[in-house]
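I have placed the structure first, in the form of structure tokens, so that the comments after it can refer back to it.
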Amino acid sequence: MKLYPTIGLEIHAELTTNSKVFCTCSAQFGGEPNSRCCPVCSGLPGTLPVLNAKAVEYIIKAGYIMNCDISRFTKWDRKNYFYPDLPKAYQISQMPRPVCLGGHVNVEVDGETRTMRINRIHLEEDAGKLVHDDSMRVSLADYNRCGIPLIEIVTEPDFHSAAEVVAFFEKIRLMLQYAGVCDGRLEQGSMRCDVNISLAEKNFDTLGTRTEVKNLNSLRSIQRAIEYEIYRQTELIENGERVVQETLHFNDATGETSSLRSKEDAHDYRYFPDPDIPPIIFTEEELAAIKADIPEMPEMRVKRYTEQYGISAADAKILTDTKSISDFFESAVKAYNAPKAIGTFIVVELMRRINLGEISAEDMTLDPADFAHLIELAETGKISKDSRKIILRDMIDGKTAERSAEDNNLWIKEDNELLEKTIDEIMAANPKAVEQYRNGETKVFGFLMGQCGKALKGAAAPASIKTMLEQKLKQ
Ligand SMILES: [Zn+2]
């Protein structure tokens, strides 16, 4: 019996607002435990939450980049449950009227484009963190994360393999980073994925019983958890046993899932409208202003790099696949307008250094203007192209490009007298070509350049020959 997996996702992404979603506490990652809390986010009675407008703007941007409809009327609900990381005993979330409805994102898997539908995106608050200390047999609660704004992206069950899920998750992560609404730092838990999986025979109308694996926070654990669940459920079904609807935890060490609790349904949470937070009605003008403020998405950058800059599609993809690299490239091109030379050197040499672990792409310490200057030195013949690698190595260690060229004696020394004498000789030996040039047949310039280059045997940079030859021909 061939069983066919069907997978749906709930992706949580923390928004990069300065303050939390209902109070003014810092929403930054980390901090001493319980140092970023106030009566509102630690759930004391009698406090009143005030909605962070920036968080609303960010979820609308997230909605637009995923092609969602933005609700003109939206409101907040209380999701009631008790857990020690949630001191209020309810989470402020959105049930019937989320900010974003519908939507879709295209992903490339095995060279094919597939459209994955989004069901909804809603805004809610994050819970705190529990730290379990086995040696002291205690559990400690850190409420710094309580109230950090979170969007939950709920997809339709459009996925049928781990590869599709991973491609989608990576794409969403990159788009949210480009939109400037989520930093996508998986190691800090900025994005987490819940995966719903069921198996059924292909083209079978009814889906099998589904399980949900909670809180996967790396691409690798998403992949492994899905593969394990497909294997586990297949075994159960083939042995004539039943898949139980439940919530599972994935253990990274064993690569297996285990039961957390039997699955609740929405009605178990006793959702009701939050009386403290008024609904929002958006005007068309407000939405248009937010939409106009969305930065260029990675796909648009790829298009610009290939069409305007003449960079190959493969290189454009490498440049845009990490936002910090693409931003670095943009800044370098602003400093020295040679996108192709800069892009190629990033892909060939800087990425190699990053992959060797010599420098971090996320926390880039190189100055893009000085990096651009390095390319300029080579393009204008002040140094050789091969010297760029040596100089880049020094720049990673904190030197400027000029300093490194000086210290390593990499300047191409030019003898201007020799240059001038050689050009004069070549011009004297080729009077016909000189005359042709002066009569407007500029294509002979290449021939004269070639003759000078040959005679000088590398003693002068092509750019210097070009400049002086042009001057002399125009006299
Ligand atoms: Zn607070």
Handout entry: Cβ charges +1 (Lys, Arg) and -1 (Asp, Glu), total dipole of the chain, debye
Key = 800
Exercise for the section: Calculate the spin-label point distance for E32 paired with D397, positioning each point 7 Å from the Cα along the beta-carbon direction, and give it in nanometres. Expected result: 4.0
Exercise for the section: Would you mind ranking D77, D194 so that the residue whose beta carbon has the fewest other beta carbons within 10 Å leads the list? Expected result: D194, D77
Completion exercise
Proxy exposure order for E14, E32 (fewest C-beta within 10 Å first) is E32, E14
Handout entry: Low-density loop cleavage sites - trypsin sites (Lys or Arg not before Pro) in the range 99-183, where at most 14 other Cβ are within 10 Å (DSSP)
Key = R137
Problem - Over the chain: helical MRE at 222 nm, DSSP H runs n ≥ 4 each giving -39500 (n - 2.57), nearest 500 - result: -11500 deg cm²/dmol
Exercise for the section: Quick one: what are the phi-derived ³J(HN,Hα) couplings along the range 416-422, Karplus 6.51/-1.76/1.60 with θ = phi - 60°, whole Hz, x for glycine and proline? Expected result: 5, 5, 4, 4, 5, 4, 4
Practice task
Rounded to the nearest 0.05, what FRET efficiency do L236 and M297 give with R0 = 30 Å and r taken as the Cβ-Cβ distance? Could you check?
Solution key: 0.10
Completion exercise
To the nearest 10 degrees, the tilt of helix 162-179 (Cα long axis) against the first principal axis of the alpha carbons of the chain is 70
Fill in the blank from the handout: Per residue, the convex hull enclosing the alpha carbons of the chain has a volume in Å³ of 224
Completion exercise
With R₀ set to 60 angstrom, the calculated FRET efficiency between the beta-carbons of E284 and K443, to the nearest 0.05, is 0.55
Handout entry: At most 10 other Cβ within 10 Å, DSSP loop - GluC sites (Glu not before Pro), the range 206-294
Key = E241, E264
Fill in the blank from the handout: For the chain, the longest principal axis of the Cα atoms and the Cα long axis of helix 323-335 enclose an angle in degrees, to the nearest 10, of 30
Practice task
Would you give the gap between the C-alpha center of the range 136-193 and the C-alpha center of the range 313-381, rounded to a whole Å?
Solution key: 28
Handout entry: Cα gyration tensor category, rounded, prolate or oblate, for the range 75-116 with a/c compared to 1.5
Key = oblate
Completion exercise
Given all pairs of distinct Cα atoms, the range 357-475 yields a Kirkwood Rh in Å of 16.3
Problem - 5 angstrom amide H check on S190, placed H, neighbours 5+ away - result: R185
Exercise for the section: Taking H placed 1.01 Å from N in the peptide plane, check which residues at least 5 places from V99 or on another chain put their amide H under 5 Å from its amide H. Expected result: L123
Handout entry: Distance histogram for the range 296-407 (every C-alpha pair counted, 10 angstrom bins, percent rounded to whole numbers)
Key = 15, 50, 30, 5, 0
Practice task
Assign unit charges at the C-beta atoms only (+1 for Lys and Arg, -1 for Asp and Glu), then state the dipole size of the range 331-475 relative to its Cα centre in Debye, rounded to the nearest 20.
Solution key: 600
Practice task
Could you pull out every residue, at least 5 positions away or on a different chain, whose amide H is within less than 5 Å of the one on D274? Hs are placed 1.01 Å off N in the peptide plane, and Pro or chain starts have none.
Solution key: W76, D77, R78
Problem - the range 122-132 - phi-based ³J(HN,Hα) in whole Hz, Karplus 6.51/-1.76/1.60, Gly and Pro as x - result: 10, 9, 8, 9, 7, 9, x, 10, 9, 10, 9
Completion exercise
Going fewest to most other Cβ atoms within 10 Å around each Cβ, M300, M364 line up as M300, M364
Practice task
Quick one: grab the alpha carbon gyration tensor of the range 311-373, order the square roots of its eigenvalues as a ≥ b ≥ c, and give me rounded if a/c is under 1.5, else prolate or oblate depending on whether a/b is larger than b/c.
Solution key: oblate
Fill in the blank from the handout: Under the Karplus relation with 6.51, -1.76 and 1.60 and θ = phi - 60°, whole-Hz ³J(HN,Hα) for the range 215-230, x at Gly and Pro, equal 6, 7, 10, 8, 4, 5, 6, 4, 4, 5, 5, 5, 4, 5, 4, 4
Exercise for the section: Calculate the length of the line joining the C-alpha centroid of the range 85-128 to that of the range 9-56, in whole Å. Expected result: 19
Practice task
Please give the helix 387-396 orientation as an angle from the longest Cα principal axis of the chain, in degrees from 0 to 90, rounded to the nearest 10.
Solution key: 40
Handout entry: P(r) of the range 416-474 over all Cα-Cα pairs, binned every 5 Å from zero, in whole percent
Key = 4, 21, 38, 24, 11, 3
Practice task
With label points built 7 Å along Cα→Cβ from the Cα atoms of S262 and K432, find their separation and express it in nm.
Solution key: 9.9
Fill in the blank from the handout: In the range 376-475, the GluC sites (Glu not before Pro) that sit in a DSSP loop and have at most 12 other Cβ atoms within 10 Å of their own Cβ are E441
Problem - Per-pair calculated FRET efficiency, R0 = 51 Å: K389 and H104 via Cβ, rounded to 0.05 - result: 0.70
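Here, each number is a calculation from the coordinates, and none is a lab measurement. The structure presented is a predicted model; accordingly, all values stated were derived computationally and were not measured. For neighbour counting, all protein chains shown are included, and Cβ atoms are generated from backbone atoms with ideal geometry for every residue, glycine included.
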